[in-house]
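Accompanying notes for the structure given below.
The values are calculated or read from the model by the stated rules, or taken from the named source; none is laboratory data. Every value quoted in this text rests on a predicted model; they were computed, and no experiment measured them. Ideal geometry is used to build each Cβ from the backbone, glycine not excepted, and the neighbour counts take in all protein chains shown.
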Amino acid sequence: MSQLEPAFDRLWESLLPIGRSATTGGYRRMAYSAAELGCREWFAAAAEERGLDVETDRNGNMWAWWTGPWGGSSGRDAFVIGSHLDSVRDGGAFDGPLGVVSSLAAVEVLQARGVVPRRPLAVAAFSDEEGARFGVACAGSRLAAGTLAPDRARALRDDDGVSMAEAMSSAGVDPSNVGSDLDRLSRIGAFVELHVEQGRALEDDDAPVGLASAIWPHGRYRFTFRGEANHAGTTAMADRRDPVQAWSRTALAADAVARARDARATFGRLEVDPNATNAVPSQVRAWLDARADSEEALSLLVEHIREAAVQHAESSGTGFDLAVESESPGVRFDETLRSSVAAALGDHAGSDVPVLPTGAGHDAGILAGAGVPTAMLFVRNPTGVSHSPAEFAERSDCLAGVRALVGTVESLAC
């Protein structure tokens, strides 16, 4: 498989500079930004160089067809591999792009060997998976699955007030056309997404590649605390209605309850008004990312945090309200497909392939929820760090991931 190494290296090295911050070393490929549009141009060019037919669907998701769209078939037989190209702000190089690069490399390897697909086959690059710009994760796949309302999607705004509709228009995607694309999804017989692991399970198992069993349910919630702006130097502590105090105590409560329940609770985004050093704030908006191993556990986790917020708002004389921005149910990946992928790997991935759940959300989970038979391959991340410039995977493990994809595609689609 001598074609594998240069195929991966060429693709990886050509994508690596796009959207990288010279200051932090992280990536800023937020949806429909100049950097993400650069990634889209890279994807189209790389696909066309390999003789693939590129199309962008109504929701901004990109598809590169080896056999042409659906290969003239209307049945449920298309085999799709891929991931996403966007990033969180100052994210790592691997989260998303590793799956797209590996998929294109796998196609190149199979083409070099003269392999021909026996079913329609595509590499997909889903739009706005991270939700870093507009606040809703997996927006492209959610729109396609009909779980994100078109009007809501169009109205979402980034920190600069730019709506998703405006951003899509600037990128050449017609926002009036977004919405459910179940006819397309119904024609996919299997979707396999390769992704860098966002944890250390494979490192602990000493395995370069693993398979996903399930995705934890998770949600994003906006906590708003409203107080009274005042002078930091003249307002007595007893006279303050400070929303930062209410939020900070809520954040500590969230940390405690999540630790006690082996769940996840993170306030990763915060907006303070008026955001002045010498002013008591008037308002705090804080976004909670919450995850747990079952819907019931997630509901109880969020309810406990909400109760803490109500209590601390009352004690500080501030108002409080909670808005649900997105919720994703837990997903168990298709066991039949997973078994087929595991069998197809054979010697490509070494010994027995570990099977593990993940707390991270993915487009694969959205498609699985829409009834598409779906599986996920993970590539070892020795640091366990993700959504950070420190995210990492060894080249040898990345190549093992490509080999796993080659084996999977050859066995199940060719």
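Applying the selection to region 317-346, what residues are of a type outside the set (A, V, I, L, M, F, W, C), touching a residue at least 12 places away in the same chain (Cβ under 8 Å) and part of a helix (DSSP H, G or I)? Outline the logic, then answer.
Step one: of region 317-346, the residues of a type outside the set (A, V, I, L, M, F, W, C) are 317-319, 321, 325-330, 332, 334-336, 338-340, 346.
Adding the requirement that they be touching a residue at least 12 places away in the same chain (Cβ under 8 Å) leaves 317-319, 321, 325-330, 332, 334, 336, 338, 340, 346.
Matches in region 317-346: Thr336, Arg338, Ser340, Gly346.
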**Report entry** Failed item in (1) under 21 Å from the mean Cα position of the chain (by Cα); (2) at pLDDT below 95, with Ala286 passing the rest
**Finding:** (2)
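Would you please name the residue that is farthest from Val162 (Cα to Cα), looking only at residues in region 20-34 that are among the small types (Gly, Ala, Ser) and under 17 Å from the mean Cα position of the chain (by Cα)?
Residue satisfying both the conditions and the ranking: Gly26.
Just checking, which of Glu314, Glu303 is part of a helix (DSSP H, G or I), more than 26 Å from Val100 (Cβ to Cβ) and over 26 Å from the mean Cα position of the chain (by Cα)?
Working: Glu303 fails: over 26 Å from the mean Cα position of the chain (by Cα).
The unique qualifying residue is Glu314.
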Report summary line: Residues of region 268-280 being in contact (Cβ under 8 Å) with a residue 40 or more places away in the chain and either in a strand (DSSP E or B) or closer than 13 Å to Arg220 by Cα (or both), in sequence order, are Asp273, Ala279, Val280
Query raised in the report: Within region 63-84, is there a residue that is out of contact with any strand residue (DSSP E or B) (no Cβ under 7 Å at 6 or more places or on another chain) and surrounded by 20 or more Cβ atoms within 10 Å (Cβ to Cβ)?
Result: no
**Report entry** Qualifying position, being surrounded by 15 or more Cβ atoms within 10 Å (Cβ to Cβ) and either touching a strand residue (DSSP E or B) at 6+ places or on another chain (Cβ under 8 Å) or assigned by TED's automatic domain parsing to the domain that holds Gly82 (or both), among Gly317, Gly330, Gly371
**Finding:** Gly330
Report task. Identify, from the list Glu108, Glu48, the residue that is in contact with a Lys or Arg (Cβ under 9 Å, 6 or more places away or on another chain) and either charged (D, E, K, R) or farther than 30 Å from Thr24 by Cβ (or both). Result -> Glu108
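Could you please let me know if Ala22 is out of contact with any Lys or Arg (no Cβ under 6 Å at 6 or more places or on another chain), of a type in the set (A, V, I, L, M), without any contact (Cβ under 8 Å) to a residue 24 or more places away in the chain and part of a helix (DSSP H, G or I)?
Details: out of contact with any Lys or Arg (no Cβ under 6 Å at 6 or more places or on another chain): yes; of a type in the set (A, V, I, L, M): yes; without any contact (Cβ under 8 Å) to a residue 24 or more places away in the chain: yes; part of a helix (DSSP H, G or I): no.
Judged against the criteria, Ala22 is not a match.
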Query raised in the report: Could you say whether any residue in region 106-113 is part of a loop (DSSP other than H, G, I, E, B), of a type in the set (Lys, Arg) and farther than 30 Å from Leu345 by Cα?
Result: no
Report summary line: Selection from region 173-193 of residues small (Gly, Ala, Ser) and either touching a residue at least 40 places away in the same chain (Cβ under 8 Å) or part of a helix (DSSP H, G or I) (or both) yields Ser176, Gly179, Ser186, Gly189, Ala190
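Which residue, of Asp352, Asp397, is farther than 19 Å from Arg264 by Cβ, among the acidic types (Asp, Glu) and in a helix (DSSP H, G or I)?
Details: Asp352 fails: in a helix (DSSP H, G or I).
From the options Asp352, Asp397, the qualifying one is Asp397.
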**Report entry** Within region 254-270, considering residues that are surrounded by 14 or more Cβ atoms within 10 Å (Cβ to Cβ) and of a type in the set (D, E, K, R), the one nearest to Glu325 (Cα to Cα)
**Finding:** Arg269
Query raised in the report: Applying the selection to region 334-365, what residues are in contact with a helix residue (DSSP H, G or I) (Cβ under 6 Å, 6 or more places away or on another chain) and modelled with pLDDT of 95 or more?
Result: Asp363
